[in-house]
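Shown below is the structure under consideration.
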């Protein structure tokens, strides 16, 4: 929930602002705090010990989740072993997936609806369906690369694997070589591009191992959300490099 309240950041989406506005209109106050604390605060405002009127709590929960939904965050009700209702936040926090938010901000003015949907899908499935997040991360890179190539007048053939597709778009944008820097800088850039290639290959392999898109044995162990976070951040990092170069042309 990159767009929450923090002593170090400004608002970065309308969603949290809507929640705050609702709280202010309701006569509630709030403090400047990290996103995780803000989510806990919202949960506490509808906890049965604070708000025993369940109908009122349900209405607040609906309003909160409507506003938080665009940030891939929801508040969900759980039951303790004693049957008591408790609320907790589920979704993405600043420490997990910064690169994906940066990518979404970069494409916000391009109206690439398919890519935007993929980003939302990643953000909302990290914890609940990590395999979907991993599979979508690879699709995200493919979509960005294919869209850039298409708009450059050199559409992808359709049979490229992910490393080939990324290499093609970097070459199309002139990012593989540069004559403007000195020899030492060029060598450093070559190393960085080599690391990017390894990241691309690793993202593709991670999707093959854990992501959606392939049927697996029923006994296959489900992937951990931390792998989904790794795949999402890797994919966003890969996509941002050509996308930012494309955007300043």
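Taking residue 107, is it in the same structural domain as residue 148 (by TED's automatic domain parsing), under 29 Å from residue 138 (Cβ atoms) and at pLDDT below 85? Explain how you work it out, then say what you get.
Values: in the same structural domain as residue 148 (by TED's automatic domain parsing): yes; under 29 Å from residue 138 (Cβ atoms): yes; at pLDDT below 85: yes.
It is true that residue 107 is in the same structural domain as residue 148 (by TED's automatic domain parsing), under 29 Å from residue 138 (Cβ atoms) and at pLDDT below 85.
Is it the case, given these coordinates, that residue 197 is touching a helix residue (DSSP H, G or I) at 6+ places or on another chain (Cβ under 7 Å), surrounded by 13 or more Cβ atoms within 10 Å (Cβ to Cβ) and at pLDDT below 80?
No.
Regarding residue 43, is this residue surrounded by 13 or more Cβ atoms within 10 Å (Cβ to Cβ) and at pLDDT 65 or above?
Yes.
Check whether at least one residue in the range 167-177 is under 25 Å from the mean Cα position of the chain (by Cα) and either farther than 26 Å from residue 112 by Cβ or outside the structural domain of residue 122 (by TED's automatic domain parsing) (or both), and report yes or no.
no
A follow-up question, please. Looking at (1) modelled with pLDDT of 85 or more; (2) more than 21 Å from residue 244 (Cβ to Cβ); (3) assigned to a helix (DSSP H, G or I), can you tell me which one residue 75 breaks?
(3)
Looking at 192, 176 in this structure, which one is touching a helix residue (DSSP H, G or I) at 6+ places or on another chain (Cβ under 7 Å), without any contact (Cβ under 8 Å) to a residue 24 or more places away in the chain and loosely packed, with under 15 Cβ neighbours inside 10 Å?
Only one candidate passes the filter, namely 176.
The values are calculated or read from the model by the stated rules, or taken from the named source; none is laboratory data. Just so it is clear, the model here is predicted, and its values are computed rather than measured. Heads up, the Cβs are rebuilt from the backbone with ideal geometry, glycines too, and the neighbour counts pull from every protein chain shown.
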